[in-house]
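Undergrad: I'd like to ask some things about the structure below.
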Amino acid sequence: MNKFAEIILPLALPVNYTYRIPDELSPIIQTGMRVVVPLGKRKLYTGLVKEIHDRAPEGFEVKDILDAEDESPIISPLQIDFWAWLASYYLCSEGEIMNAALPGGLKLESEMVIQRNLAKEIIDSELNDAEFLIVEALEQQDRLSIKEVSEITGFKNPLFTIKELMSKAYVLLEEELKGGYKPRQIRLVKAGAKMDEKASSEAFESLGNAAKQRELLLGFFQYRNPQGFCTAAQLLKRCKAGDSSLKALHDKALLELFYADPKSLIADSQPEASGLYPLNEEQERAYSEIIENWQKPILLHGVTSSGKTEVYSHLMNSVLKEGKQVLYLVPEIALTTQLIHRLKRFFGDDLLVYHSRHSDRDRVETWLKLYRRNKKPALVIGARSSVFLPFQNLGLVIVDEEHENSYRQYEPAPRYHARDSALVLAQAQDARVILGSATPSFESYFNAGKGKYHLVEMKQRFGAIALPEMRPINVRELRQKKQMSGYFSPDLVSGIEQQLKMGKQVILFQNRRGFSTFLQCETCGHVMQCKNCDISLTYHKHHHHLRCHVCGYNTPPPRHCPACKSQQIKSLGFGTEKLEDELELMFPQARIQRMDLDTTRKKKAYENIIEAFEEGETDILVGTQMVTKGLDFENVGLVGIMNADAQIYFPDFRAHEKAFQMLAQVAGRAGRKGDRGLVLIQCSDPNHPVLIDVMGHRYRHTYQRELQERMEFHYPPYYRLIQITLKHRDRILLEERASKLGAELRQLFGRRIYGPEYPLANRLRGMYQMEILLKIETSLSLQKVKAALVDCIDAFQQQHKKSPIRVIYDVDPI
């Protein structure tokens, strides 16, 4: 009897495809394994076996699985079920989940290559210049990719030339698999077959005048480890020798070069806690309360610097001792740098770290190492994508700074929330959950109030240190009196001076990167905009270009206005780059660093900036929201918030919640050890309710005020939201279709439908977009509502197949 497999492909396909399992692969293939399958006429992909069955599909010819990529499964049935839940809840395909979940090295994809048809002789008169260049290149190498052909010919699209060569029978087209994981290998050196301790003097004499070879041989005996080998790179560097000398020793069998996995050279050790710091009375009370109540999710509401990480460490230790696995989620990659240093002291070197800044090979190795542990203890620290890792014995999930928007994936699909997904993952594996924050999301705090979560509070800072003093600065009045120094108020300038004299450090927060936010013509008022998006271009002085922070388009600053040709162009607004520039002029002796997306692109950039600040090598740190997310610095005396208005007045129903969270979090970086810290908040209205609550540390007051408004206007946590974004390149067609679709949805859902309306940016990446918002009572079945919504929109798309609009679902948008 034939066997078939339901295969998940890493593509946005509406359904999974069925393939036949050939007889020779039938004993091998299992659920959770990767297989190579054909798609269409020419493409090959890595697919994942979701289910094996004997139900032969009807109505079409079933293709065969070509090969198995694994000897055993790389994900468990629990994970496959978790993927299915994510796809169903967030209205995307399981293929999109697979694409986000698996590291690139675990996915293969084919690309088209050409090779020389040796049966065809070259006749120069048949070939033009470009064709001859391709044929000549194929005489030197077996095959060429389309990209390589493009580089050889200089054509952006060389497909026409390739088709001509195929019609003339000079080349053949075939598919070649690309991607795939290759284990890390390191080149090592050990004693060769003709080398032993007794014959060492004879060996040196045999080298004659080959000084570098003698030096390398002597260096080998000096630098080899107790196991009898050293790395080739280390040996060559220390002896200042070339690779040819080392290869000569290998050829003479005096030394032997070989390759090995570097991790196999280090003894594997289980994570074992050692040297945990004792908890103080407040932490011990929180720890005990969590242990007593963690049959339900715990919301740990602890003020900044209350020592939540120490409580987490003791809880992780207890779970690891039970032989279970722990997932520690952090919102920002920068946080993993500090956490790794701190937790290595407690749990040894056997921590697993997983985030997008790691190389693809590192992520594959972490994935496979965790899966091969089976149910052995492990501690994983990572950003939001860590929820996809193959846990098989999960005992505890910690979501630190659970309020952070960084846990939300926006583009591309799946548009999931790692906090909410982690709750489902934990439930599926019967694991405990802790959500921690100094400023919890209002939805989580609401759930705690309703008894869905258990609330544990830590109201005192570690060491009984007082919360920072917070002072508002009315920059509107100061500008009218012309007392501002650029973007700095007199109080902020004097505050920085005093802190530097005392040997303290300063953090300045401005949630906008770049030099100036836009360029504007003083004559006609024209603003330089992105050619692909309806947003202004940000000026970056360091690279001397205007850049779009959405699509990446960049262009040099114009010498004159493109609208009226005037040369009177001024830069307006300010970002972190401009603050850094002004600080260097105002405080020439201070050591200043900037921490934003532009300065942290390289792999070690986060670590270097944080380490320099921790070691006191930086006096003033200027940063975007990266500096607000749980970083722990001991010597920060002053935090300056450059423009609180930008957070408060953003047009979003969550604006006041997000503003309170961000301002409170960045303020919490001040005075964490020693003297009480100071926070200076530059704003236009010091009497704004959010600012008054932030300065008074009145989280609950903001929460109660905002919830009253949300109940009145039908927003979470009293209602669920689904946002439908419609996109098309033709604005008129989009408006027409969006209006029709809105009317049809309104017939189905009534007054629960709002829109369609244009968002703040009408066009992004060349596509116009409109939004429809669906508000759903929590008493209704979300699953049934989503099913009705998708059916309605699918039927609408079927009626408008010509130039269809793109539809994007965003469930629980933030």
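The values are calculated or read from the model by the stated rules, or taken from the named source; none is laboratory data. Note that this is a predicted model, so its numbers are computed, not measured. When we count neighbours, we look across all protein chains shown, and the Cβ atoms used for this are built from the backbone with ideal geometry, even at glycine. Protein only, heavy atoms only, side chains kept; ligands, DNA and RNA dropped before computing areas. Shrake-Rupley method; radii C 1.70, N 1.55, O 1.52, S 1.80 Å.
Undergrad: Consider PRO813 carefully, then state whether it is surrounded by fewer than 16 Cβ atoms within 10 Å (Cβ to Cβ) and under 30 Å from GLY552 (Cβ atoms).
TA: Against the criterion (surrounded by fewer than 16 Cβ atoms within 10 Å (Cβ to Cβ) and under 30 Å from GLY552 (Cβ atoms)), PRO813 does not qualify.
Undergrad: Here's something else I'd like to know. When region 711-743 is examined, which residues are found to be open to solvent by 60 Å² or more (accessible area, probe 1.4 Å), charged (D, E, K, R) and assigned to a helix (DSSP H, G or I)?
TA: Selection gives GLU712, ARG731, GLU735, GLU736, LYS740.
Undergrad: Right, something else. Just one of the numbered conditions (1) assigned to a helix (DSSP H, G or I); (2) over 23 Å from ASP534 (Cβ atoms); (3) under 34 Å from the mean Cα position of the chain (by Cα) is not true of PHE749; which one?
TA: (3) is the only condition that PHE749 fails.
Undergrad: Determine whether region 36-57 contains at least one residue that is in a loop (DSSP other than H, G, I, E, B), closer than 22 Å to LEU425 by Cβ and modelled with pLDDT of 90 or more.
TA: Among the residues of region 36-57, not one is in a loop (DSSP other than H, G, I, E, B), closer than 22 Å to LEU425 by Cβ and modelled with pLDDT of 90 or more, which makes the answer no.
Undergrad: Spot the failing condition for ASN762; the list is (1) touching a residue at least 60 places away in the same chain (Cβ under 8 Å); (2) of a type in the set (S, T, N, Q); (3) open to solvent by 40 Å² or more (accessible area, probe 1.4 Å), and only one is missed.
TA: With (1) touching a residue at least 60 places away in the same chain (Cβ under 8 Å); (2) of a type in the set (S, T, N, Q); (3) open to solvent by 40 Å² or more (accessible area, probe 1.4 Å) applied to ASN762, the lone miss is (3).
Undergrad: Also: Could you run through region 683-708 and say how many residues are assigned to a helix (DSSP H, G or I) and more than 17 Å from ASN643 (Cβ to Cβ)?
TA: Qualifying residue count for the region: 13.
Undergrad: Can we say LEU546 is outside any helix (DSSP H, G or I), open to solvent by less than 40 Å² (accessible area, probe 1.4 Å) and out of contact with any helix residue (DSSP H, G or I) (no Cβ under 9 Å at 6 or more places or on another chain)?
TA: It is true that LEU546 is outside any helix (DSSP H, G or I), open to solvent by less than 40 Å² (accessible area, probe 1.4 Å) and out of contact with any helix residue (DSSP H, G or I) (no Cβ under 9 Å at 6 or more places or on another chain).
Undergrad: Looking at region 385-397, which of its residues are in contact with a Lys or Arg (Cβ under 8 Å, 6 or more places away or on another chain) and open to solvent by 10 Å² or more (accessible area, probe 1.4 Å)?
TA: GLN392, ASN393 - these are the residues of region 385-397 that are in contact with a Lys or Arg (Cβ under 8 Å, 6 or more places away or on another chain) and open to solvent by 10 Å² or more (accessible area, probe 1.4 Å).
Undergrad: Still on this structure, I have one more. Could you identify the single residue in LEU13, LEU102, LEU106 that is within 30 Å of LEU721 (Cβ to Cβ), of a type in the set (A, V, I, L, M) and surrounded by 18 or more Cβ atoms within 10 Å (Cβ to Cβ)?
TA: LEU102
Undergrad: Tell me whether region 173-187 contains one or more residues that are under 38 Å from the mean Cα position of the chain (by Cα), of a type outside the set (S, T, N, Q) and at pLDDT 80 or above.
TA: yes
Undergrad: So, one more: Can you tell me which of VAL433, VAL424 is out of contact with any Asp or Glu (no Cβ under 9 Å at 6 or more places or on another chain), within 20 Å of PRO717 (Cβ to Cβ) and not in a helix (DSSP H, G or I)?
TA: So the residue among VAL433, VAL424 that is out of contact with any Asp or Glu (no Cβ under 9 Å at 6 or more places or on another chain), within 20 Å of PRO717 (Cβ to Cβ) and not in a helix (DSSP H, G or I) is VAL433.
Undergrad: Every residue in region 401-415 that is under 14 Å from TYR809 (Cβ atoms) and open to solvent by 10 Å² or more (accessible area, probe 1.4 Å), please.
TA: GLN409, TYR410, GLU411, PRO412, ALA413, ARG415
Undergrad: With SER779, SER739, SER684 as the choices, which residue is without any contact (Cβ under 8 Å) to a residue 12 or more places away in the chain and either within 18 Å of GLN797 (Cβ to Cβ) or over 32 Å from the mean Cα position of the chain (by Cα) (or both)?
TA: Just a single option satisfies the conditions, and that option is SER779.
Undergrad: Which of the following residues is part of a helix (DSSP H, G or I), open to solvent by 20 Å² or more (accessible area, probe 1.4 Å) and closer than 15 Å to TYR328 by Cα: ARG419, ARG363?
TA: ARG419
Undergrad: Starting from region 479-493, take each residue that is over 17 Å from ILE641 (Cβ atoms) and list its partners that are part of a helix (DSSP H, G or I) and modelled with pLDDT of 90 or more, counting only C-beta distances under 8 angstrom and pairs at least six apart or across chains.
TA: Cβ pairs passing all conditions: GLN483/PRO490.
Undergrad: Report, ordered by the first and then the second residue, all pairs with beta carbons closer than 6 Å, sequence separation of six or more or different chains, a first member in region 428-442 that is within 14 Å of ILE398 (Cα to Cα), and a second member that is of a type in the set (Lys, Arg).
TA: Short answer, once both residue conditions are applied: GLY436/LYS308.
Undergrad: Of all residues being among the small types (Gly, Ala, Ser) and farther than 18 Å from ILE496 by Cα in region 612-646, which is surrounded by the fewest Cβ atoms within 10 Å (Cβ to Cβ)? Just the residue, please.
TA: ALA612
Undergrad: Something else now. Just to check your reading of the model, which residue among LYS163, LYS147 is within 20 Å of LYS41 (Cα to Cα) and either in a helix (DSSP H, G or I) or open to solvent by less than 30 Å² (accessible area, probe 1.4 Å) (or both)?
TA: So the residue among LYS163, LYS147 that is within 20 Å of LYS41 (Cα to Cα) and either in a helix (DSSP H, G or I) or open to solvent by less than 30 Å² (accessible area, probe 1.4 Å) (or both) is LYS163.
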